[in-house]
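FYI, it's all coordinate maths here, none of it is from the lab. No experiment lies behind these values; they were computed from the predicted model shown. Positions of Cβ are backbone-derived with ideal geometry, glycine not excepted, and every protein chain shown enters the neighbour counts.
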Amino acid sequence: MGKSDAGVKVPRVAAGHAILRRRGAHRAMKYADVLNDVLEAVRPVIGRGRIATYIPALAAVDPHRFGLALATVDGEVFGVGDCEVPFSIQSISKVFTLSLVLARDGESVWRRVGREPSGNPFNSLVQLEVEHGVPRNPFINAGALVVTDRLQALTGNARETLRAFLRAESGNPAVDFDTVVAASEAEYGHRNAALAHFMASYGNIENPVGSVLEAYFWQCSLAMSCTDLARAGLFLARHGLLADGSRLFSRSEAKRVNAVMLTCGTYDAAGEFAYRVGLPGKSGVGGGILAVVPGRCALCAWSPGLDEKGNSVAGVAALDHFTTLTGLSVF
């Protein structure tokens, strides 16, 4: 874990009062103290919610796990709780596949998938039928299948491209797939198969459906810790710059990915997440949530218990408390 570049003590404050009161004050903040405050604040809700049992391999996860990590654009990393414990990232992977497609193929993917909130469950068939096989956004399952399909067409191996990217950006060469989760996804992924075949009937899938589903199940099975994901998400906080200093895509494209995360990243609870947290975020049914503070840092919270929309109960509460304490949001 990194250390703050200043020794000031962060005061405990009542909800609604931000720590940050002056320009540049964030540089003097002891993030470690803030994360500890967040951990204490959310302890009462850790373990609440339901684990995603519709993927049987996820059902065995301890619901009382909680981790929170923060990585700054200056290279510091802070964490509390189970921040080093790998978990199934599930739909958080969709942020990275979308970014890789945009980096390689520009704006063309938006002809095949929209950018609007769905207002429906992430695996709904209803909206897809009404809108003739064009998914509402890239973060619902149908939209993610289209993006994975395009990455497969562009690279010939979508899952390996994604794994290599996440290993490089997280700085962790051990990042890998969970074969048990991948097998469970494939065995019980009937709804995703239906979505893919339905879109293929409209000509919105380029590759064989089976190969797209396989790549999608593998990408969702990636196991990463909160620390890994916070580091891997930093390119969005750095406006498109990768860990090695090269540019994945333009500042404008990074802004657009962050915008879609804000409006569509937490399933059909994106409005509530924006209201409470005020940051671009992407959740997964493994209990993780990746959030971005542009120009400052990336955070990842993890706790397996989910609300009725599929978002981590304690994870949302943690990010809510973090932005309340620090005043760091896009608003």
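Relative to the current alpha-carbon distance between residue 191 and residue 330, full extension at 0.36 nm per residue lengthens the span by 46.5 nm.
Normalising the average separation of contacting C-alpha pairs (under 8 angstrom, six or more residues apart) by the number of residues puts the relative contact order of the range 226-279 at 21 percent. The length gained by stretching the chain between residue 108 and residue 36 to full extension, at 0.36 nm per residue less their Cα-Cα distance, is 21.6 nm. Of the residues 293, 220, 87, the one whose Cα sits farthest toward the positive end of the charge dipole of the chain, with +1 on the Cβ of Lys and Arg and -1 on the Cβ of Asp and Glu, is 293. The protection proxy used here, the mean number of other Cβ atoms lying within 10 Å of each residue, ranks peptides 128-134, 35-41 as follows, highest first: 35-41, 128-134. This structure gives Cα extents along the principal axes in Å, computed directly, and of (i) 60, 40, 37; (ii) 65, 50, 38; (iii) 53, 46, 38 that value is listed as (i).
Only the Cβ atoms of Lys and Arg (+1) and of Asp and Glu (-1) were treated as charged; on that basis the dipole of the range 112-173 about its Cα centre amounts to roughly 180 debye. How high is the relative contact order of the chain, in percent, counting Cα pairs under 8 Å that sit 6 or more residues apart? In percent, rounded to a whole number, it is 26.
Per-residue packing, averaged as other Cβ atoms within 10 Å, sorts the ranges 265-275, 101-111 into the order 265-275, 101-111, beginning with the highest.
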